[in-house]
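Note sheet for the following structure.
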Amino acid sequence: MLKEMIAASLAEHCSLSSQQIAELLEFPPNEQLGDVAFPCFALSKLMKQSPAQIAGQLATSLPSNSLWTTSAAGPYLNFKFNRAAVIGQFVKNGGAQIPEIGKGKRVIIDMSSPNIAKPFGIGHLRSTMIGNALYNLLGKAGYETVNVNHLGDWGTQFGKMITAYLHWGGPADKAEDPIKAYLELYVRFHEEAKLRPELETEAREWFVKLETGDPEARRYWSMFIEDSLAAFNKLYDRLGVAFDHYLGESFYNDKMDAVVDQLSQLGLLEESDGALVVRLDEEGLPPCIIKKSDGSSIYATRDLATAIYRHDQMQGEELLYVVGAEQSLHFRQLFLVLNRMGFDWAKSCKHIPFGLMLMDGQKMSTRRGKVVFLEDVLDEAASHALRIIEEKNPTLSGKNEVAEAVGVGAVIFGDLLHSRLHEVNFSLEDVVNFEGETGPYVQYTYARTQSLLRKAASGNSGEQVQSEAADYLHTEGDYSWQLVKSLMRYPDVLVQAAQRYEPSVVARYLIELAQTFNRFYHHEKIITGNTAEQSAKLALVRLTAECVEDGLHMLGVKALKEM
């Protein structure tokens, strides 16, 4: 709100647009300098003056305003807010407004995408929850968001799974937990194949049958998919994640030949050691393999068909791929080939990479069976949360439901608190903690706001703010002002998180907001009995609650009224 007003005022006195100015505005680290600062470096070349000269001129030329005063400090133009006026306007307006930066744009988000007949490990959490947060953030910013679960439901591993299932598996063995049974079969196949190479031959034969539509092979394949989706959907329900589309790799089987034909017609294909490739020498990258020497297609071919389908049929104006950083080369090749094919929209395809999630510093491996199941982690997190709740609030009603929300929320928040590109060394004890920089700490802060609002007298809960209310907030000290300043930052936080595809920006902000609110809570008497004063303070409590609840929702974490 205020940043937009400042930007509009500045735009009348310099050669930058209000949008450009808004993006340059900063919050100074030392608030003695001001509450918002405009660095004048960008104007220096345009105006042929030093940044300090420009700051001084703007300080004198901007008209006076009831909401702020201006001053120059070196190359910065600083804005100092009139606290009473700003607090009054902020509270009466019901908080800060969120700009719709993506209005009218349709974005397709590729996220989660686990492999069929393989476990949903803790490592899959990152793509799922980063993708879900981006789905929420971009939707909040005005985009029309569509998320797709690109299931790994095709490949030679299904020949191995059918072979293993026929040799060592059976309905009785998978009744209780089919995914864990399938993992055991997959691991056993690789162990046995070292001693019996004929198993690899049998597996290849079964995959050929699957490719040619053999009914028996298709039946086993369909069983693996059905069992896996049932298990995955239970986890998605616990995580609060839903998908607009489940379109696995097999969906694009009949769309790849057209891509190969188009590449051939454009003269982009070359033969290399019997394989068909698109050379990317000019970009300094290895060739993108389209068909292997045995004539089979690989991931690049399928992903080209997928991108074309998402643009042409799903009408995606931006295509996002929330996939691990280890796939960065693949996506660079993919987008370059799309560009070579003449698709201008290739520039709107973006890989959203993220670092590995580690347990005890180790990456998980399905082939060796060293997998930490996400279901087990969520169960343990909920149990850990329940033990804490029973210790701190034994009379709480619905303890099991609250513990589930706290435990699952702690795991999600603990992931998203880290910068997307950083590796995460996961520790259950660290994330399921009601103190420190954790999800439960933010959830508890929200529950505290709800407790205050319940205690408020009827008709005096901050819903109606009297005209003199801002005076109480202004004169009561610095804590209410710090809380208002923190709340005013929320729209900028959301925009920054959406533009950078970085949910950790929101998570970090929620920690800071919770800390600021708790200082306000501990130093201010909120339920005072004075109608105007209590109304004003409770208005800040209510606005904090709304902000925390919305921020947690952006991350996929439940806000709890009681804990």
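Points worth noting:
- Here's the picture: charge each Lys and Arg Cβ at +1 and each Asp and Glu Cβ at -1 in the chain, and of Y446, L356, L269 the one pushed furthest to the positive end of that dipole is Y446.
- Close amide H pairs (under 5 Å, H built 1.01 Å from N) link V557 with no residue at least 5 positions away or on another chain.
- For a modelled paramagnetic label at Q265, 7 Å from Cα along Cα-to-Cβ, the residues of region 279-309 in reach, with backbone nitrogen under 20 Å, are 279, 290-291, 301-309.
- Scoring 267-277, 83-93 by mean Cβ neighbours within 10 Å over their residues and listing the highest first yields 83-93, 267-277.
- Positive-end residue, region 2-81 charge dipole about Cα centroid, Cβ charges, pick of L58, L33, L10: L58
- Angle in degrees between helix 439-455 and the longest Cα principal axis of the chain, rounded to the nearest 10: 40 degrees
- Range of Cα positions in region 155-230 per principal axis (Å), largest first: 31, 29, 18
- Within the shell defined by Cβ-Cβ distances under 14 Å, the residues around G436 carry a net charge of -4, with Lys and Arg each +1 and Asp and Glu each -1.
- Remark: the Cα gyration tensor places region 1-138 in the prolate category, a/c being 1.5 or greater and a/b exceeding b/c.
- Convex hull volume of region 2-81 per residue (C-alpha atoms, cubic angstrom): 77 Å³
- Distant-in-sequence amide contacts of I290, defined by a placed amide H-H separation under 5 Å and a gap of 5 or more residues or a different chain, comprise L276, V277, V278.
- About its Cα centre, the dipole of region 155-230 is roughly 100 debye, where the only charges are +1 on Lys and Arg Cβ and -1 on Asp and Glu Cβ.
- Taking the helices alone, the chain has a mean residue ellipticity at 222 nm of -17000 deg cm²/dmol, built from -39,500 (n - 2.57) per DSSP H run of at least 4 residues and averaged over all its residues.
- Net charge of neighbours whose Cβ lies under 12 Å from the Cβ of F251, counting Lys and Arg as +1 and Asp and Glu as -1: 0
- Ordering 99-105, 127-133 by mean Cβ neighbour count within 10 Å, with the highest value first, yields 127-133, 99-105.
- Averaged over residues, the count of other Cβ atoms within 10 Å places the peptides 4-13, 549-558 in the sequence 549-558, 4-13, highest first.
- Options (i) 83, 77, 55; (ii) 101, 70, 52; (iii) 83, 68, 37 - which one matches Cα extents along the principal axes in Å as calculated here: (iii)
- FRET efficiency for the L166 to I98 pair, using the beta carbon distance and R₀ = 51 Å, is estimated at 0.35.
- Two-decimal log10 I(q)/I(0) for region 391-555, as the Debye equation yields it once each C-alpha is a single scatterer, q = 0.10, 0.13, 0.14 Å⁻¹: -0.41, -0.67, -0.77
- Modelled spin-label separation between D273 and A11, with each label point placed 7 Å from Cα along the Cα-to-Cβ direction: 5.6 nm.
- Dipole magnitude of region 391-555 about its Cα centre (Cβ charges: Lys, Arg +1; Asp, Glu -1), debye to nearest 20: 240 debye
Bear in mind these aren't lab numbers, they're just calculated from the coordinates by the rules spelled out. Note that the structure is a prediction, hence the values are computed from the model and not measured. Cβ atoms come from the backbone with ideal geometry, glycine included; neighbour counts cover every protein chain shown.
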